[in-house]
Amino acid sequence: MSSLTNPSRLLEKNSEELDSPRLLLALPPADGFLSLLAAERPAGSTHVLTNMVEVREQASRIVPEANLVYSHDFSQLQGPFDLIVLYLQKSKPYTSAVLDQLCPLLTEQGRILLVGENGTGIKSWRKNLQNWGEVMPITSGCHSGLLELLPSEQSRSTNKGWEEKHFPIAVAGTEIQVASLPGVFSHGRLDVGTQLLLETLSKENIRGQLLDFGCGAGVIGSWQAKRHNRCKPTLLDTDAMALEAARRTLALNGLEGKVVASHGLSGLNGRYDWIISNPPFHEGVKTRYDVTENFLLQAKEHLNRGGQLRIVANSFLRYQPLIEEAFGHCEVLAQGRGFTIYGATLAPAFVSAEI
Ligand SMILES: C[S@@+](CC[C@H](N)C(=O)[O-])C[C@H]1O[C@@H](n2cnc3c(N)ncnc32)[C@H](O)[C@@H]1O
């Protein structure tokens with residue numbers, strides 16, 4: 001994704017607002033704005049905070065390693081900054097918790113610009129931001145709005161950290177505690193689609209190596225590991241917050257597993273006996289199908305012969321033809337509550353070359 005998103009277009013049009021000695025671009029989308037910005041600024045003066053592997057990969061080609069943080073842990077940022085440009089996130093509690101942690105990273109005269117697309121709540125943030133200090137609308141355009149926050153002394157001196165929630169889930173007699181963090185999928189409750197997937201899996205004999213693709217807080221992999229204590233699942237996600245929640249879920253239940261940061265399957269080595277997923281079709285506030293489409297087409301390259309794919313998806317999503325294209329067949333294993341469970345087995349004729 002290299003063309004500019006609407007919020008980035010608005011920033012580009014108002015580039016004079018970004019003129020400051022030390023600037024942090026916080027949680028930008030994977031568009032071309034960072035390279036435009038960095039090209040206009042003195043070398044080493046632009047820093048990037050991201051929670052997405054795709055943005056980390058892109059930014060690593062543009063800013064020095066020391067200026068790039070991909071983590072849930074904002075203390076790794078080398079502040080203070082004169083200006084932080086924050087892209088509005090889909091989850092309000094997440095945006096709020098991010099603001100709590102960014103304000104203390106500003107210089108005394110430092111300011112935050114919040115940019116977001118209309119229809120994603122940017123207008124209501126004009127009022128919400130007053131909880132952190134003085135707010136001024138800068139401009140609007142490109143279907144987006146740009147707000148300025150001058151944080152209060154109190155916001156700059158208090159860092160509340162992430163609020164971690166624990167909640168139990170019990171499916172087919174197996175219970176685990178889930179550790180969830182703001183912004184991580186289904187923060188605080190079991191997703192209906194994931195529940196249907198686990199109910200379907202409970203009727204299967206799952207053994208061997210298991211990959212939980214798009215693991216979120218690690219619900220699927222941890223539930224399976226709890227059912228069969230010899231299962232040490234691999235939990236993969238692009239989101240640094242999700243991976244931290246997944247690590248905490250494993251630890252909370254005394255389970256072992258591997259956590260992998262990857263955009264799609266690109267960062268994954270090795271093959272599995274089971275690939276199980278409630279795959280994404282949103283990224284932030286946008287609908288995005290390419291990640292799951294590529295995942296379905298490439299999953300067989302990470303399955304052992306006879307390996308199994310199981311996914312849950314909203315029934316309106318047309319994933320069945322893609323699975324058939326990759327595996328030669330696709331079973332509908334269950335349907336209900338607006339979701340469908342699809343399954344496929346990797347037959348010898350479809351095994352691709354060793355990776
Ligand atoms: C529908 S949620 C499922 C979460 C969890 N498995 C569950 O069932 O509760 C999809 C997950 O895919 C992750 N995701 C989004 N884009 C991704 C990508 N490009 N590569 C890997 N994971 C991605 C999201 O961060 C999110 O955690």
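The values are calculated or read from the model by the stated rules, or taken from the named source; none is laboratory data. Everything quoted here is computed from the prediction, not taken from an experiment. Don't worry about glycine lacking a Cβ; one is built from the backbone with ideal geometry, like all the others, and counts go over all protein chains shown. We work out accessible area using only protein heavy atoms, side chains counted, and drop any ligands, DNA or RNA first. Shrake-Rupley method; radii C 1.70, N 1.55, O 1.52, S 1.80 Å.
Can you report the number of residues in the stretch 131-161 which are surrounded by fewer than 19 Cβ atoms within 10 Å (Cβ to Cβ), modelled with pLDDT of 95 or more and part of a loop (DSSP other than H, G, I, E, B)?
Selection size over the stretch 131-161: 2.
Name every residue in the stretch 227-251 that is within 15 Å of the ligand (Cβ to nearest atom), closer than 10 Å to ILE176 by Cβ and touching a strand residue (DSSP E or B) at 6+ places or on another chain (Cβ under 6 Å), in order of residue number.
Narrowing the stretch 227-251 to residues within 15 Å of the ligand (Cβ to nearest atom): 233-250.
Among the residues that remain, those that are also closer than 10 Å to ILE176 by Cβ are: 249-250.
The answer is THR249, and nothing else.
Closer than 24 Å to ALA246 by Cα, aromatic (Phe, Trp, Tyr), crowded, with 20+ Cβ neighbours inside 10 Å and within 16 Å of the ligand (Cβ to nearest atom): is that true of PHE185 in this structure?
So PHE185 passes the test.
Which count do you get for residues in the stretch 88-129 that are within 23 Å of HIS187 (Cβ to Cβ), open to solvent by less than 50 Å² (accessible area, probe 1.4 Å) and not in a helix (DSSP H, G or I)?
8
Conditions: (1) in contact (Cβ under 8 Å) with a residue 40 or more places away in the chain; (2) in a helix (DSSP H, G or I); (3) open to solvent by 40 Å² or more (accessible area, probe 1.4 Å). GLU16 meets all but one. Number of the miss?
Result: GLU16 fails condition (1) only.
Quick check on this structure: which one of GLY218, GLY193 is out of contact with any helix residue (DSSP H, G or I) (no Cβ under 9 Å at 6 or more places or on another chain), open to solvent by less than 10 Å² (accessible area, probe 1.4 Å) and within 9 Å of the ligand (Cβ to nearest atom)?
Of GLY218, GLY193, the one residue that is out of contact with any helix residue (DSSP H, G or I) (no Cβ under 9 Å at 6 or more places or on another chain), open to solvent by less than 10 Å² (accessible area, probe 1.4 Å) and within 9 Å of the ligand (Cβ to nearest atom) is GLY193.
Which number in (1) open to solvent by 30 Å² or more (accessible area, probe 1.4 Å); (2) free of Cβ contacts under 8 Å to residues at least 24 places away in the same chain marks the one condition that PHE167 misses?
Failed condition: (1).
Within the stretch 64-80, track down each residue that is under 11 Å from LEU25 (Cα atoms) and either touching a residue at least 60 places away in the same chain (Cβ under 8 Å) or aliphatic (A, V, I, L, M) (or both). Walk me through how you get there before you give the answer.
If we filter the stretch 64-80 for residues that are under 11 Å from LEU25 (Cα atoms), which is where we start, we get 67-69.
Once the filter is applied, which keeps residues that are under 11 Å from LEU25 (Cα atoms) and either touching a residue at least 60 places away in the same chain (Cβ under 8 Å) or aliphatic (A, V, I, L, M) (or both), the stretch 64-80 yields LEU68, VAL69.
All but one of (1) at pLDDT 95 or above; (2) of a type outside the set (A, V, I, L, M); (3) open to solvent by 50 Å² or more (accessible area, probe 1.4 Å); (4) farther than 26 Å from PHE74 by Cα hold for ASN229; state the number of the condition that does not hold.
Here ASN229 meets the rest and fails (1).
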